[in-house]
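Colleague: First the structure, which I've put down as structure tokens, then a few questions once you've had a look.
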Amino acid sequence: MNIDQPLTLLGGLTPTQFMKRHWHKKPLLVRQAIPDFKPCVDRSAMVALAGQEGVESRLIVGSDKGWKMKHGPLAKRSLPPFNQKNWTFLVQGVDMHHDGVHALMQQFRFVPDARLDDVMISYATDGGGVGPHFDSYDVFLLQAHGQRRWRIARQKDLSLQPGVPLKILQNFEHEEEFVLNPGDMLYLPPKYAHDGAAEGECMTWSIGFRSPKQGELARELLLGLADEAPEGVGEAVYRDPAQSAVAQPGAIPAELAAFARESLQKALKDPHLLSSLLGEHLTEPKANVWFDLAEHASDLSVGVVLDRRTRMMYDERSIFVNGESFRVGGKDAALLRALADTRTLNAHQIKALSADALAALDEWQADGWLKTL
Ligand code: SIN
Ligand code: CO
């Protein structure tokens, strides 16, 4: 993607300008971000998805008595009638299920893949919505069908109503208000208060991002380090030839505590190991993602395209695909990085790969991670 080319998607801003002026900073409303947008997911496709095991969905019904929420799978018969007002259901990760939704998400790849999360789609009847709330992540709210009235506020007071099954702001006072039509899009930075209410039947696509919490990332990396530690840190045995006789045998010797600290420092010493664990973690498919094994081996020489579910990234030393890492160098590294960036390799590029890299691609094809063009 040319990051210095003005995009209709961003209201005529270039990706570079958008990231500088808006990302994490201030909202952007784009009228007709996608002119003549014809969503490829309709109400019945949404109902079918929400009913599936392994697809994350939730139903939210508002009434005078308050909010009710139910997690999926949602059987069609468990949904309120479509002529009843004030309800909505939301399906997470629709890009994993529909090539068209996945294709739309590619337009947002001026943000690193490591940050892009998924496309969530909501269906709502008149008045339906999830109430005034904030999200911890950036979001692009693309109107797909019907109209939605967005009220937004930069407010600092993010206290939530107690005893409600979803996150609802206690004191929401909107500063701006827009009605979005199909193809219109609203970008909101993290923690920006917002409330979207359907005006008639409405579908909204949310292009969402993920921001790891530092503690969770530490946990993931430490889990990986734990597997590597016995070999990486080594077999050194604690010795204490200078230990004197003790009158307080319950006290842990300071030398033993230092030995333990040193073992952790050794485990963390290898920067390459940390990078590999990070790449593997970032490309790990979500728990509910399954690949369809290839029925037969295909001749990859015509070119390949990554399956929409495949996550592929790289750093200076390695390529990471769906939670696995591969050390590569030279021409292979350049070509496999191109595969991660463009999600495709043409026949000419395939021809330039080494036998080892081709063997890896054959395996990825068998695992359903990529297909022939
Ligand atoms: C919705 O589509 O109803 C909710 C999206 C959001 O507010 O993040
Ligand atoms: Co939100």
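Colleague: Given a 1.4 Å probe and heavy atoms of the protein chains only, how would you sort Lys331, Lys26, largest accessible area at the top?
Modeller: So the residues, ranked largest to smallest area, are Lys331, Lys26.
Colleague: Mark the label point 7 Å from the Cα of Val179 along Cα→Cβ and return the residues of region 78-121 whose backbone N is within less than 18 Å of it.
Modeller: Zone members listed by number: 86.
Colleague: Let me ask something else about it. Please calculate the 1.4 Å probe accessible area of Arg154, with all protein chains present, and give it to the nearest 10 Å².
Modeller: Result for Arg154: roughly 150 Å² accessible.
Colleague: Taking all protein chains together and a probe of 1.4 Å, list Arg311, Arg219 from the most accessible to the least accessible.
Modeller: So, going from the largest accessible area down, we get Arg219, Arg311.
Colleague: Continuing with this model, one more query. Through the Karplus equation 6.51 cos²θ - 1.76 cosθ + 1.60, θ set to phi - 60°, convert the phi angles of region 322-337 into ³J(HN,Hα) values in whole Hz; use x for Gly and Pro.
Modeller: 6, x, 10, 10, 9, 6, 9, x, x, 5, 4, 4, 4, 6, 6, 5
Colleague: Please compute, for the alpha-carbon atoms of region 71-205, the extent along each of the three principal axes and give them in descending order in Å.
Modeller: Extents along the principal axes, in whole Å: 39, 38, 28.
Colleague: Can you divide the C-alpha Rg of the chain by 2.2 N^0.38 Å and report the result to two decimal places?
Modeller: So the Cα radius of gyration is 1.20 times the expected 2.2 N^0.38 Å.
Colleague: What relative contact order, as a whole-number percentage, does the chain give when Cα pairs under 8 Å and 6 or more residues apart are counted?
Modeller: Averaging sequence separation for qualifying contacts and normalising by length gives 14 percent for the chain.
Colleague: If you take the beta carbon distance between Ala236 and Ala352 as r and set R0 to 51 Å, what does 1/(1 + (r/R0)^6) give as a FRET efficiency, to the nearest 0.05?
Modeller: Computed FRET efficiency for Ala236 and Ala352: 0.65.
Colleague: Mind ranking Leu361, Leu28 by accessible surface for me, highest first, 1.4 Å probe?
Modeller: Leu28, Leu361
Colleague: Using modelled backbone amide H atoms (1.01 Å from N, in-plane), which distant-in-sequence or interchain residues come within less than 5 Å of Leu160's amide H?
Modeller: The list, which skips near neighbours in sequence, is Gln170.
Colleague: Within the chain, what whole-number % of the accessible surface is contributed by carbon and sulfur, with the 1.4 Å probe and all protein chains included in the calculation?
Modeller: Heavy-atom surface of the chain belonging to carbon and sulfur, 1.4 Å probe: 53 percent.
Colleague: Something else now. Pulled fully out, how much extra length does the chain show between Ala251 and Ala114, if you take 0.36 nm times their separation in residues and subtract their Cα-Cα distance?
Modeller: Gain on stretching Ala251 to Ala114: 44.7 nm.
Colleague: If you don't mind, another one. Taking a spot 7 Å from the Cα of Gln52 along the direction of its beta carbon, which residues of region 305-347 have an amide N less than 17 Å from it?
Modeller: Residues passing the 17 Å test: 307-311.
Colleague: With a probe of 1.4 Å, find how much accessible area region 227-303 has per residue, and write the answer as a whole number in Å².
Modeller: That works out to 78 Å² for each residue.
Colleague: Tell me the net charge near His71. Cut-off is 14 Å between Cβ atoms, His71 excluded, with +1 for each Lys or Arg and -1 for each Asp or Glu.
Modeller: Net of charged neighbours comes to +1.
Colleague: Another question, then. When the chain is fully extended, how far beyond the present Cα-Cα distance does Lys85 get from Leu223, taking 0.36 nm per residue of separation?
Modeller: In short, 45.0 nm is gained.
Colleague: So who's got an amide H within less than 5 Å of the one on Leu7, skipping anything under 5 residues away but keeping other chains? H placed 1.01 Å off N, in plane.
Modeller: Those qualifying (amide H under 5 Å, at least 5 residues apart or on another chain) are Gly12, Leu13, Thr14.
Colleague: Karplus couplings for region 225-242 from phi (6.51 cos²θ - 1.76 cosθ + 1.60, θ = phi - 60°), rounded to Hz, Gly and Pro as x?
Modeller: 4, 4, 5, 7, 4, x, 7, x, 7, x, 9, 3, 9, 4, 10, 9, x, 9
Colleague: How many nm separate the modelled label positions at Ser275 and Asp64, each set 7 Å beyond the Cα in the direction of the Cβ?
Modeller: 6.4
Colleague: Percent relative contact order of region 52-93, based on C-alpha pairs within less than 8 angstrom and at least six residues apart?
Modeller: 50
Colleague: Multiplying the sequence separation of Val164 and Asp99 by 0.36 nm and subtracting their Cα-Cα distance, what value in nm do you get?
Modeller: Full-extension gain reported as 19.8 nm.
Colleague: Ordered by residue, what ³J(HN,Hα) values in Hz, to whole numbers, does region 288-301 give under the Karplus form 6.51 cos²θ - 1.76 cosθ + 1.60, where θ = phi - 60° and Gly and Pro are x?
Modeller: So the Karplus estimates, Gly and Pro as x, are 9, 9, 10, 9, 8, 4, 5, 6, 8, 6, 10, 7, 6, 5 Hz.
Colleague: Here's something else I'd like to know. Once a ≥ b ≥ c are taken as the square roots of the eigenvalues of the Cα gyration tensor of region 300-372, is the result rounded (a/c under 1.5), prolate (a/b larger than b/c) or oblate (a/b not larger than b/c)?
Modeller: Rounded shape, in that the Cα axes give a/c under 1.5.
Colleague: While we're on this one: Show that you can apply the helix-only estimate: for the chain, add -39,500 (n - 2.57) for every DSSP H stretch of four or more residues, divide by all residues, and state [θ] at 222 nm to the nearest 500.
Modeller: -8500 deg cm²/dmol
The values are calculated or read from the model by the stated rules, or taken from the named source; none is laboratory data. Predicted, not measured: the structure shown is a model, and the values here were computed from it. Here the Cβ is made from the backbone with ideal geometry for all residues, glycine too, and neighbour counts use every protein chain on show. Protein only, heavy atoms only, side chains kept; ligands, DNA and RNA dropped before computing areas. Shrake-Rupley method; radii C 1.70, N 1.55, O 1.52, S 1.80 Å.
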